[in-house]
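Here the structure is laid out as C-alpha cells; the discussion comes afterwards.
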Amino acid sequence: MASDPKIIPQSGLLSAEANQAAALATFGGVLTVDLDAIIANWRKLEKTAVPAECSAVIKADAYGCGAEQVARALNKAGCKTFFVATIEEARKVRAAVPEPTIYVLGGYFQNTGEHYAQINCRPVIGDLNELAEWDVFCRRTGWTGGAAIHIDTGMNRLGLTLAEAQAIIPRINAGDHGITLVMSHLVAAEQLNSPVNAKQLAAFRGIASEFSGVPAALANSSGVFLGAPFQFDMVRPGAALYGVNPTPEADNPMQPVVDLKARIVQIRNVERGESVGYGGTWTARRPTKLAVIAVGYADGYFRAASSNDGTRGAEVIVAGKRCPVAGRVSMDLIAIDITDLPPNAARRGHMVTLLGEGITVDELAHHFGTIGYEVLTSLGRRYARIYKGGNVVEPLAKPAPAQGVEQQTPAPPPVEQPASPPPLPG
C-alpha cells in the first residue's frame, strides 16, 4: 500500500502501520484507490476487445483517482496508449510514464505546438483550422510526433464533419501526413438497442476505411461491450476502469475501485418530534441516536443525498450495517440515523463507509441524481488518499521537474523555413 509522503509522515520509532494511523487521525475522511482493481478492469476490457489495442482514458486526474498513479500502474500492466483532456494533464502523465503514447482530446491551438513537442504527446484534431495550424507547425519545425483526427458521427460536439473528413482523404492517402489515429465518439453506447449506435457505426466504418493505413478507434467503455464491429483497431475505456458500470442494462462486469470512509465526530440523541439539519426538513419519529460524520458537499458528497420527512436519502455503512442519512447534507457534515445499531457499535472517532462495502459508485450516483463519472470526479481534496496494489507502485511523490522527460523524449527540431503547406479544402 502506497501513501502520499506529505500525508503519512515517516518515523524510525514507529511501524508503518502506526505512522499511518497517527497521520490519518488528523483527517475527517480517507479515500482508498485500489490500483489492482483498475488493472483487473483494464485487463477484462482488453480481453473483451482482442485483437484491438486497449488504451486508457485518464483525463480529469483519472476520473478523480490520480492520473500519475493510475498511469504508472496501467503502464506496468501493459497499457501503451493514454488519453487526457489538456496539455497540462499530459505533462503530469508524461512525467510519470516516459514511454507510452499520450493523446490530448482537447485539440490543438495555435502556438501550442512546442508544448506538444516538449513532452512528445499528440493532439486530437477536430477542426480544419486546427489541422491547418498543426500542419504549419510540423512543416516549420520538421516535427513528426503525430496527431489524431476526430470525426463527428453524431455527437455534434467536437470533430470534423463527414464532408470535411472526406475532403482531406486525398491528402491523407498521399502519405507523409503524420496522422496516427482516426477516431469518433459514441452518443448512446450504454443503450444496447439504440438505433444511434448502428447509424454511427456505419458512418464511421465508411469514412475510416478511406484513411488508408491509419488505425481507427470508436468504442468508449460501453462501446467495448457492443461487440467486435465497434472495436476497430483500438478501444478507449474510461469510466469502466474506475468501477462505473459500462452496461447499466445488466450487472456490472467491473470491479469496484474506490473506498471512501469518513469519521464520526459526535454521537447525539434527539427526542421524537425534533428536527435535524438545515431547514428542519427531517423529523425524528422516535427517540433517535445520530452519528454526525465529517463529510459534506464540499467533499463531493452531494446535497442531493439528503433525506426529508417524505423522502429517504442515501445510506452509509456503520459497524457493518446500512444506516440512512438524517436531514440535509451540509458543507462539512452529515447526520446518520444509527438508532437500530447495538449499543456502543458506533463511537466518536470511528470510521463509517460512504463508498464501498456494497455501496457502489452507481448507487451513490443514483442518490446524487447524477452519473458515476461526476461522483468520482467530484471527490474532494480534503481526504487522506491511500493507494494500494498496482504492482508495487511508487509512493505518491511529485517527480522531479521534467528532467527525466527531456532526456527520454525528443525535443522539437530547429526551426527551418520550408515551402508553405498545401492549402486545406475550404
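The values are calculated or read from the model by the stated rules, or taken from the named source; none is laboratory data. Since the structure is predicted, the reported quantities are computational estimates derived from the model, not experimental observations. With ideal geometry, Cβ positions are generated from the backbone for all residues, glycine too; neighbour counts draw on all protein chains shown. The accessibility values were calculated without ligands, DNA or RNA, using every heavy atom of the protein model including side chains. Shrake-Rupley method; radii C 1.70, N 1.55, O 1.52, S 1.80 Å.
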Next on the checklist: Restricting to the range 156-175, give me the number of residues that are small (Gly, Ala, Ser) and open to solvent by less than 30 Å² (accessible area, probe 1.4 Å).
Outcome noted: 2
Next on the checklist: Going residue by residue through the range 259-270, is there one that turns out to be part of a loop (DSSP other than H, G, I, E, B), on the phi < 0 side of the Ramachandran plot and not aromatic (Phe, Trp, Tyr)?
Outcome noted: no
Next on the checklist: Given the criteria among the small types (Gly, Ala, Ser), open to solvent by less than 10 Å² (accessible area, probe 1.4 Å) and under 20 Å from residue 123 (Cα atoms), does residue 219 qualify?
Outcome noted: yes
Next on the checklist: Filter the range 5-35 down to the residues that are surrounded by 17 or more Cβ atoms within 10 Å (Cβ to Cβ), modelled with pLDDT under 70 and either in contact with a His (Cβ under 7 Å, 6 or more places away or on another chain) or part of a loop (DSSP other than H, G, I, E, B) (or both) and list them by number.
Outcome noted: 7, 8
Item to check | Extreme residue, farthest from residue 238 (Cα to Cα), among residues of the range 188-211 that are open to solvent by 60 Å² or more (accessible area, probe 1.4 Å) and either in contact (Cβ under 8 Å) with a residue 40 or more places away in the chain or β-branched (Val, Ile, Thr) (or both) | outcome: 210
Item to check | Residues of the range 228-258 that turn out to be closer than 20 Å to residue 301 by Cα and open to solvent by 40 Å² or more (accessible area, probe 1.4 Å), as a count | outcome: 1
Checklist entry - So, of the residues in the range 264-295 that are in contact with a Phe, Trp or Tyr (Cβ under 8 Å, 6 or more places away or on another chain) and closer than 14 Å to residue 307 by Cβ, which turns out to be most open to solvent (accessible area, probe 1.4 Å)? => result 275
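Mind checking which residues of the range 98-115 are under 22 Å from the mean Cα position of the chain (by Cα) and in a loop (DSSP other than H, G, I, E, B)?
At the first step, the residues of the range 98-115 found to be under 22 Å from the mean Cα position of the chain (by Cα) are 98-108.
Result: 98, 99, 100, 105, 106, 107, 108.
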Item to check | Subset of the range 102-137 [at pLDDT 95 or above, under 12 Å from residue 86 (Cβ atoms) and open to solvent by 50 Å² or more (accessible area, probe 1.4 Å)] | outcome: 115
Checklist entry - Is it the case that residue 353 is assigned to a strand (DSSP E or B) and either polar (S, T, N, Q) or in contact with a His (Cβ under 9 Å, 6 or more places away or on another chain) (or both)? => result yes
Checklist outcome for this item: Of the residues in the range 283-312, those that are part of a loop (DSSP other than H, G, I, E, B), modelled with pLDDT of 95 or more and not charged (D, E, K, R) number 11
Item to check | Residue selected from the range 348-384 under the condition basic (Lys, Arg) and at pLDDT below 95, by the criterion surrounded by the most Cβ atoms within 10 Å (Cβ to Cβ) | outcome: 382
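Determine which member of the set 338, 334 is within 26 Å of residue 244 (Cβ to Cβ) and at pLDDT 95 or above.
334
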Checklist entry - Here is a list of conditions, (1) closer than 27 Å to residue 251 by Cβ; (2) open to solvent by less than 10 Å² (accessible area, probe 1.4 Å), and residue 315 meets all of them except one; can you say which number that is? => result (2)
Item to check | Residue within the range 36-47 that is assigned to a loop (DSSP other than H, G, I, E, B), surrounded by 23 or more Cβ atoms within 10 Å (Cβ to Cβ) and under 12 Å from the mean Cα position of the chain (by Cα) present | outcome: no
Next on the checklist: Restricting to the range 198-228, name every residue that is part of a helix (DSSP H, G or I) and either more than 19 Å from residue 155 (Cα to Cα) or touching a Ser or Thr at 6+ places or on another chain (Cβ under 6 Å) (or both).
Outcome noted: 200, 203, 204, 224, 228
Next on the checklist: Anything in the range 318-333 that is within 21 Å of residue 271 (Cβ to Cβ), open to solvent by 10 Å² or more (accessible area, probe 1.4 Å) and part of a loop (DSSP other than H, G, I, E, B)? List them, or say none.
Outcome noted: 328, 333
Next on the checklist: Residues that are open to solvent by 60 Å² or more (accessible area, probe 1.4 Å), out of contact with any strand residue (DSSP E or B) (no Cβ under 9 Å at 6 or more places or on another chain) and of a type in the set (A, V, I, L, M): does the range 142-155 have at least one?
Outcome noted: no
Item to check | Tabulated pairs, the range 34-63, first under 14 Å from residue 253 (Cα atoms) and among the hydrophobic types (A, V, I, L, M, F, W, C), second open to solvent by 20 Å² or more (accessible area, probe 1.4 Å) and not in a helix (DSSP H, G or I), C-beta under 7 angstrom, 6+ apart or interchain | outcome: 37/255; 37/256; 40/255
Checklist entry - If you scan the range 30-45, which residues turn out to be more than 18 Å from residue 262 (Cβ to Cβ) and touching a Leu at 6+ places or on another chain (Cβ under 8 Å)? => result 38, 39, 41, 42, 45
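Would you say residue 340 is more than 29 Å from the chain's Cα centre (by Cα), surrounded by fewer than 21 Cβ atoms within 10 Å (Cβ to Cβ) and among the acidic types (Asp, Glu)? If you could, list the steps in order and put the result at the bottom.
Working: more than 29 Å from the chain's Cα centre (by Cα): yes; surrounded by fewer than 21 Cβ atoms within 10 Å (Cβ to Cβ): yes; among the acidic types (Asp, Glu): yes.
Yes; evaluated as a whole, the condition is true for this residue.
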Checklist entry - Among the residues of the range 85-96, is any open to solvent by 30 Å² or more (accessible area, probe 1.4 Å) and under 27 Å from residue 227 (Cβ atoms)? => result no
